[in-house]
Each structure stands twice: as structure tokens, then as C-alpha cells.
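For reference, the structure is listed below as C-alpha cells.
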Amino acid sequence: MTHRHLLPDEIDQLLDGEVGFGVAPLEAHVKDCPECQAALDEARVVVDALESLPLLAPSPAFADRVLSEVHVYVPWYIAVRDSAVAAVRPLAPRSQPVRLLLGASALSAAFLVSAAVIWLVGHLDAAVFFASVLRTQVSGAISTAASAIASALFGAPAASYLAHGSAAVLLGSVLLYGMALIVAAVLLRTVAVARRRSRS
């Protein structure tokens, strides 16, 4: 042990008063080496000075101030979930019986939907047939209603054109008519605001 000086962790062992198989050679080295004895005395002075310092505690608001400056990355799906929960929470009923009733209703709806899906998977050909019939009925009802609206708004020629046109033509006509209504409403509002300002 006399061929080298003590390492910092070995000096720490002596300062802490540790006991064990490897401590006796360190103590023997310190007795024979004035440089290591001086390093041990300096370290002991520092430790005594640190132990004599008063104990300080941060203010109760210290943690809140530090955490308010910490920017935590929140994944988008957690942010969406938290926003959805915050939006739904005020709508949730506070009464326990109402919550139970809503829970039972949701479970019943889930059971019915599951049963319907299972039936559809088992009877896929019937589901496709009913879907095609329903689509035909709905598209026929929509085209009839659109023809009636077009006949009332634009006359019989427009209704006959829509009756022989495709679904894209029908959808485009409805969108065009809706845009015309929006433009007319904006123009009427602008005129009303202008008249109100001219009166005042």
C-alpha cells in the first residue's frame, strides 16, 4: 500500500469510519504517508464545515414553480383522450341511478350491435341483398325528392334533366344551389348592415 497515494474513494472510506478487511491497510498507509494524512485532514475539515451548516428547506411553492417551467411532451393520442374526457365530463349525469340506467342502455346497445354483426357475418348474402335493396330505395327517394325540389325551384325542364342525369350531376346541382343560397344570405346581411349604419 506504500507504493501509491490514497484514491478519493479510499479517503471517503476513512472519513465515513467504515470498517472491514480493506480499511486497515488504508489506515496504516495514512500513518506512514504525510501527503495522504494532509489530504485526509483537509477532507475532514471540509466535511466538518458542511456538517456545521444550517439545514435549509425550499419553500412549499418551490416544486410548483419548477414544474411549471418544465415542458412535458404529451403524445397526441393522450391529448385527444384528455380533451374528450374534459368535454364529456360535464355532460355525465351526477345521479347514481341515472348513471346505472345509461350504463345498462349502453351495454344493451352494444349487445344488439354485436348480435347484428354476428348475424350479418353468418348471413352475408342476405345482408348484401338487403343493402342493395335499401340503396335502390334510398337513391330513388332522394332522386324523387330532388326532382320535386328542382321542379319547384327551376321548373319542369330542370327536373327532367336531373331525372336522366347521374348522381354526380344531382350532387353538383345541390351543392351549387346551396352555395347560391349562402351567397344570397351574405349579400342580404351586408345590405341590412349598410342600411343600419346609414340610419345611425
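Here, each number is a calculation from the coordinates, and none is a lab measurement. None of these values were measured; they are calculated from a predicted model. Here the Cβ is made from the backbone with ideal geometry for all residues, glycine too, and neighbour counts use every protein chain on show.
Figures for the structure shown
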{"read-out": "Flag if Val74 is β-branched (Val, Ile, Thr), over 24 Å from the mean Cα position of the chain (by Cα) and farther than 30 Å from Leu15 by Cβ", "value": "no"}
{"read-out": "Total residues in segment 13-32, condition without any contact (Cβ under 8 Å) to a residue 12 or more places away in the chain and either assigned to a helix (DSSP H, G or I) or not charged (D, E, K, R) (or both)", "value": "9"}
